[in-house]
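This report refers to the structure that appears directly beneath it.
The values are calculated or read from the model by the stated rules, or taken from the named source; none is laboratory data. Source: prediction; values computed, not measured. Virtual Cβ from ideal backbone geometry, glycine too; neighbours counted across all protein chains shown.
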């Protein structure tokens with residue numbers, strides 16, 4: 001276990017916004033995670049920081065990182081599928097590379113989504129009709145009391161961008177995937193190319209800011225409302241992908257929140273739709 005005190009969290013957020021945290025703890029073993037949860041009052045698991053907006057004020061929070069849990073191993077081979085254990089700290093990009101190397105199919109559509117496996121499992125991340133839960137067999141979690149449990153996928157409730165894990169604030173420790181053979185390299189490369197073409201990856205951002213409402217796309221609603229390039233301070237609705245808010249340079253937490261609240265207000269006024277944030281907000 002490695003503990004850093006008085007950490008500037010903007011260095012651990014893709015949005016480059018964040019205040020000074022009480023501590024940042026890098027966990028290396030399950031036992032350490034249990035110990036930290038039992039000895040700290042206020043904790044928050046920070047993945048890759050790709051969808052987390054962090055307040056730029058001082059934060060009386062113990063941030064936890066499981067980036068050392070980045071292993072990938074085949075634990076069971078069968079005629080039609082393999083069971084693969086992935087640590088929650090592994091990057092999705094590395095998992096996709098692992099799938100290609102082992103000819104595993106099922107998650108090609110989510111190629112290029114930034115973030116850790118644990119973070120994506122927490123919110124059931126996905127794209128193009130594929131969700132990460134599609135290929136999950138079971139999940140090992142740690143609850144806030146430090147108890148380690150393993151759940152079969154069938155024991156968990158999960159839906160569009162939400163899971164029991166997220167609702168209960170459990171921590172994903174490792175994930176067991178059930179992969180069949182037949183990696184589709186063309187599909188994977190196509191999704192990666194589309195993200196690079198359509199997303200404002202050249203600027204700090206947190207990915208999709210809002211969940212897509214039923215029968216609608218948040219980006220389309222925002223575009224139709226004339227909100228592209230709407231700006232508060234140096235936080236702006238991206239003209240490239242209007243469901244992204246970008247940091248043009250030294251944007252603050254309140255700038256981003258100002259953009260979020262204005263977009264929600266206008267979409268409610270024009271469409272009578274209450275947009276829900278997909279990003280995680282820590283303050």
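Being free of Cβ contacts under 8 Å to residues at least 40 places away in the same chain and surrounded by 20 or more Cβ atoms within 10 Å (Cβ to Cβ): is that true of residue 139 here? The answer is yes for residue 139. For the range 173-189, residues that are buried (at least 16 other Cβ atoms within 10 Å of the Cβ) and either under 30 Å from residue 30 (Cα atoms) or without any contact (Cβ under 8 Å) to a residue 24 or more places away in the chain (or both) total 7. The residues of the range 79-111 that are free of Cβ contacts under 8 Å to residues at least 12 places away in the same chain and under 22 Å from residue 66 (Cα atoms) amount to a single one, 97.
State whether one or more residues within the range 44-55 are without any contact (Cβ under 8 Å) to a residue 40 or more places away in the chain, outside the structural domain of residue 115 (by TED's automatic domain parsing) and surrounded by fewer than 21 Cβ atoms within 10 Å (Cβ to Cβ). There is no residue in the range 44-55 that is without any contact (Cβ under 8 Å) to a residue 40 or more places away in the chain, outside the structural domain of residue 115 (by TED's automatic domain parsing) and surrounded by fewer than 21 Cβ atoms within 10 Å (Cβ to Cβ).
Only residues that are under 13 Å from residue 202 (Cβ atoms) and either free of Cβ contacts under 8 Å to residues at least 24 places away in the same chain or surrounded by 19 or more Cβ atoms within 10 Å (Cβ to Cβ) (or both) were counted in the range 237-255, giving 7. Just one of (1) part of a loop (DSSP other than H, G, I, E, B); (2) within 20 Å of residue 119 (Cα to Cα); (3) at pLDDT below 95 fails for residue 41. It is (2). For residue 67, state whether it is part of a helix (DSSP H, G or I) and either assigned by TED's automatic domain parsing to the domain that holds residue 96 or in contact (Cβ under 8 Å) with a residue 24 or more places away in the chain (or both). So residue 67 fails the test. Can you tell me which residues in the range 149-163 are surrounded by 12 or more Cβ atoms within 10 Å (Cβ to Cβ) and modelled with pLDDT of 95 or more? Selection gives 149, 150, 151, 153, 156, 158, 163.
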